[in-house]
Amino acid sequence: MEPSRTAWRNTTHDWAADVDLGHLTRIRENPAEFAPGGVLHLILETIAYPADEAASTGGGRCTVTLHADGSVSVADQGRGTDTRLDERGRPVRKPIMATKDLRFFDDPGAETLPDGHARRGMSVVAALSEWLVHTNRRANGAWSQRYEHGIPVTGLEPLAGGGGTGTTVRFLAGAQLAPLAEDFGRFAEAWPGLAVDVDDRRGGRASAAGAER
């Protein structure tokens, strides 16, 4: 029998709980503190995870898509978000969207993102978005899950296999956040070892730009 999830080793997030409502509420009530610069900061918080993957594997690539409906997606071809089976054989995904990142959130010395503001984690993106869809493909299976204001509103919905591994996060930022500036592309060049493609589909436009360092 697998051990209880409360006994699992915590590295980036606490496996014991799926949702930390108090944590999400704190973020939602303080958007200027947790997302200074608005939508740009949410995008950079999201890219930071493929950047982590690239740093640990020797390189990587992700695509940032600016969709016509105002949403943004960040897709990579990494190993996917860690998903395990609990003692009853049920799949449990690492609660990166709805609980705090133990490495950064309460650390005054946390790393700084390319906009000059502190990294706090994906819970900031989820909490300050009207909705977010997390699509995950790992070697042992694939699933998708939807969140609204940081709270999961579906379970892990299985996806057809194939297509390799990787993670796609698509979100619609809340209207209270500052919109994305036109010079976003320069921020995409900030992570050594990570190639970032930007696909701008807003207003019917379709363009792509790549950056790699």
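The values are calculated or read from the model by the stated rules, or taken from the named source; none is laboratory data. These figures come from a predicted structure and were not determined experimentally. Using ideal geometry, Cβ is built from the backbone for each residue, glycine included, and neighbour counts are taken over all protein chains shown.
So here's what we get for this one:
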{"quantity": "Meets criteria (surrounded by fewer than 17 Cβ atoms within 10 Å (Cβ to Cβ), modelled with pLDDT under 90, part of a loop (DSSP other than H, G, I, E, B) and basic (Lys, Arg)) for residue 103", "calculated": "no"}
{"quantity": "Pairs, first closer than 17 Å to residue 71 by Cα in region 187-202, second of a type in the set (S, T, N, Q) and modelled with pLDDT of 90 or more, C-beta under 7 Å, six or more apart", "calculated": "197/63; 199/63; 199/65; 201/65"}
{"quantity": "Helices (runs of 4 or more DSSP H) wholly inside region 21-78 containing at least 3 residues that are among the β-branched types (Val, Ile, Thr) and either crowded, with 23+ Cβ neighbours inside 10 Å or on the phi > 0 side of the Ramachandran plot (or both)", "calculated": "39-57"}
{"quantity": "Test for residue 58: is it in contact (Cβ under 8 Å) with a residue 12 or more places away in the chain, within 23 Å of residue 185 (Cβ to Cβ) and of a type outside the set (Phe, Trp, Tyr)", "calculated": "no"}
{"quantity": "Of all residues making up region 157-180, the number that are in contact with a Phe, Trp or Tyr (Cβ under 7 Å, 6 or more places away or on another chain) and part of a loop (DSSP other than H, G, I, E, B)", "calculated": "1"}
{"quantity": "Residue under evaluation residue 96, criteria (1) touching a helix residue (DSSP H, G or I) at 6+ places or on another chain (Cβ under 6 Å); (2) free of Cβ contacts under 8 Å to residues at least 60 places away in the same chain, criterion not met", "calculated": "(2)"}
{"quantity": "Residue selected from region 63-87 under the condition in contact with a strand residue (DSSP E or B) (Cβ under 7 Å, 6 or more places away or on another chain) and more than 26 Å from residue 201 (Cα to Cα), by the criterion modelled with the highest pLDDT", "calculated": "79"}
{"quantity": "Among the candidates 186, 170, 137, residue that is surrounded by fewer than 18 Cβ atoms within 10 Å (Cβ to Cβ) and closer than 24 Å to residue 59 by Cα", "calculated": "186"}
{"quantity": "Lone unmet requirement of (1) buried (at least 16 other Cβ atoms within 10 Å of the Cβ); (2) under 17 Å from the mean Cα position of the chain (by Cα) for residue 11", "calculated": "(1)"}
{"quantity": "Which listed residue, of 129, 144, is crowded, with 20+ Cβ neighbours inside 10 Å and within 25 Å of residue 174 (Cα to Cα)", "calculated": "129"}
{"quantity": "Residues (of a type in the set (S, T, N, Q) and either within 13 Å of the chain's Cα centre (by Cα) or modelled with pLDDT of 95 or more (or both)) located in region 35-62", "calculated": "46"}
{"quantity": "Boolean, residue 110 is free of Cβ contacts under 8 Å to residues at least 12 places away in the same chain, surrounded by 12 or more Cβ atoms within 10 Å (Cβ to Cβ) and either out of contact with any Leu (no Cβ under 6 Å at 6 or more places or on another chain) or in a helix (DSSP H, G or I) (or both)", "calculated": "yes"}
